[in-house]
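Accompanying notes for the structure given below.
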Amino acid sequence: MDRRSFLATALAPPMLPALRAAAPAGIRLGYDTYSIRAWGWKAMQHLDYCAKLRLDAIQISSLNDFESLEPSHLEQVRRKAEEIGVAIDAGIGCVCPSSASWGKRTDDPVAYVAQGLKVAKAVGARSMRCFMGSSADRIGALPIEAHIGNTVKVFRAARSVALDTGVKIAIENHAGDMQAWETRMLIEEAGKDYVAACLDAGNPIQAIEDPVVTMEVLGPLTVTTHIRDTALYEDPRGCAFQWTTLGDGGVDWSRFLELKKQLCPEAAVQLEIITGRPPRVIPYLEPDFWKAFPKARASEFARFVALVKRGHPYAGPMVVADVPGQRPAEFTAALKEQQKLDLERSLTYAKQRLGIGRT
């Protein structure tokens, strides 16, 4: 048996009863290109893959996902997407110059946002995902409010480009940088006429937030999404979590999708599946942890704790080697295969169990 056959068998989802969660019909289904980043595909290859899998949408979340940023190539991408009936959501990276995620870059963040908006328009996208930073910004020299303010300044300076292109800047609640209420505050301060949300359902866990709360708060402002599941459970220091394929975690997708239907029915469900990483501890029982969240809302944290108490560790098969540092070539190859297998498993779950997308 070759490696791919072995992984396909070992990672196959357990048999599930023929039940469907109460999900709305007509929700567009796609994926974020980061889900299968190890394959190194460019936009046209992703679109061919979308056509093969009968998907409705894709989030091309990095400018590096295009073979070229020349207008002629971007026009080819737009035409290809239109031919196969796939809606594109575009994307760039960090936009906050004071964030640790910005690093030592010297380029102009306003020009970077403007470039992303123009590329988004060229490929026919109506939104451009971006992010402010990560959880490291909550414990740095500047308070999180300063990073939010700096991001608002960047967005305001790029407002005219956003309005001219007709593309919404979609700020993501990214890697524990902001809770939903903080993300909403940023959007409203910048201006809802040109800034919206890329609602990520995996990142709220790092910000001690139930993804259902995230949908309640950000749903009315959401134009695109990142959707993945999380196994979440109690730990002596607080809780631990591990990202999983869709359906293998503890997120209440029935309630989440019910709210989505009400609050942001036009936003595509873009799966951003991230597996292969070990569980991580969130030590909220330790006093020092709360230095990062001095303004967290007690009622929302209580709902997060309830989610933790209902959860359990992921007990299925998974290659766990997606960590910093060198690893054997065999591990790298297995992780690459796993990315595609787990994305396809999750797409199947979304279609068959949640009733999303084309069958």
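Quick note: the coordinates plus some simple rules give every number you see, no bench work behind them. Note that the structure is a prediction, hence the values are computed from the model and not measured. Reconstructed Cβ throughout: ideal geometry from the backbone, glycine too, with neighbour counts over all protein chains shown.
With a 10 Å radius around each residue's Cβ, average the other Cβ atoms per peptide and rank 247-254, 266-273, 131-138, 333-340, highest first.
Top of the packing list down: 266-273, 131-138, 247-254, 333-340.
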Practice item. Can you tell me how much longer the chain between F289 and W39 gets when fully stretched, taken as 0.36 nm per residue apart minus their C-alpha distance, in nm with one decimal? Key: 86.3 nm
Check your understanding: For the chain, what is the mean residue ellipticity at 222 nm derived from helices alone (per DSSP H run of n ≥ 4: -39500 (n - 2.57); sum divided by total residues; nearest 500 deg cm²/dmol)?
Key -> -11500 deg cm²/dmol
Revision key, fill the gap. By the Cα gyration tensor axes a ≥ b ≥ c (a/c under 1.5 gives rounded; else a/b larger than b/c gives prolate, otherwise oblate), the shape of the stretch 113-164 is prolate
Point to revise | C-alpha center-to-center spacing [the stretch 223-246, the stretch 260-281] in angstrom | key: 10 Å
**Study point:** Cα shape, the stretch 56-215, gyration tensor, a/c 1.5 rule
**Key:** prolate
Exercise for review: Measure up K42/K260; K121/K153; K192/K336; K80/K260; K52/K121 against 27 Å on the Cα-Cα distance and list the ones that go over.
Suggested key: K42/K260; K192/K336; K80/K260
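Relative contact order for the chain: what is it in percent, counting Cα pairs under 8 Å that are at least 6 residues apart?
Working: 724 pairs, mean separation 72.7, N = 359.
It comes to 20 percent, rounded to a whole number.
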Check your understanding: Going 7 Å from the Cα of R79 toward and past its Cβ, which residues in the stretch 108-136 have a backbone nitrogen under 16 Å from where you end up?
Key -> 122-124
Check your understanding: When the chain is treated as a GNM, springs tying every alpha-carbon pair under 10 Å, which of T214, T348, T222 comes out with the largest mean-square fluctuation?
Key -> T348
Review point. So what is the relative contact order of the stretch 90-161, in percent, for Cα pairs below 8 Å that sit 6 or more residues apart?
Key: 45 percent
Review point. Using a cut-off of 19 Å between alpha-carbon atoms, which aspartates and glutamates can reach K291, once sequence neighbours fewer than 8 places away in the same chain are excluded?
Key: D137, E145, D177, E182, E209, E300
**Study point:** Candidates L55, L259, L69, ranked by Gaussian network fluctuation over the chain, Cα under 10 Å, top entry
**Key:** L69
Check your understanding: What's the center-to-center distance, using Cα atoms, between the stretch 164-186 and the stretch 116-143 in Å?
Key -> 7 Å
Exercise for review: Specify whether the C-alpha gyration tensor of the chain places it in the rounded, prolate or oblate class, a ≥ b ≥ c being the square roots of the eigenvalues: rounded for a/c under 1.5, otherwise prolate if a/b is larger than b/c and oblate if not.
Suggested key: rounded
Check your understanding: Using θ = phi - 60° and the Karplus curve 6.51 cos²θ - 1.76 cosθ + 1.60, what whole-Hz ³J(HN,Hα) does each residue of the stretch 293-298 get, with Gly and Pro shown as x?
Key -> 9, x, 10, 4, 8, 4
Review point. What residues qualify as long-range amide H neighbours of I27, i.e. H under 5 Å apart, gap of 5 or more or another chain, H built at 1.01 Å from N?
Key: G357
Study note, to complete from the structure: Given backbone amide H placed at 1.01 Å from N, residues whose amide H is under 5 Å from that of E67, ignoring those fewer than 5 places away on the same chain, are A43, M44
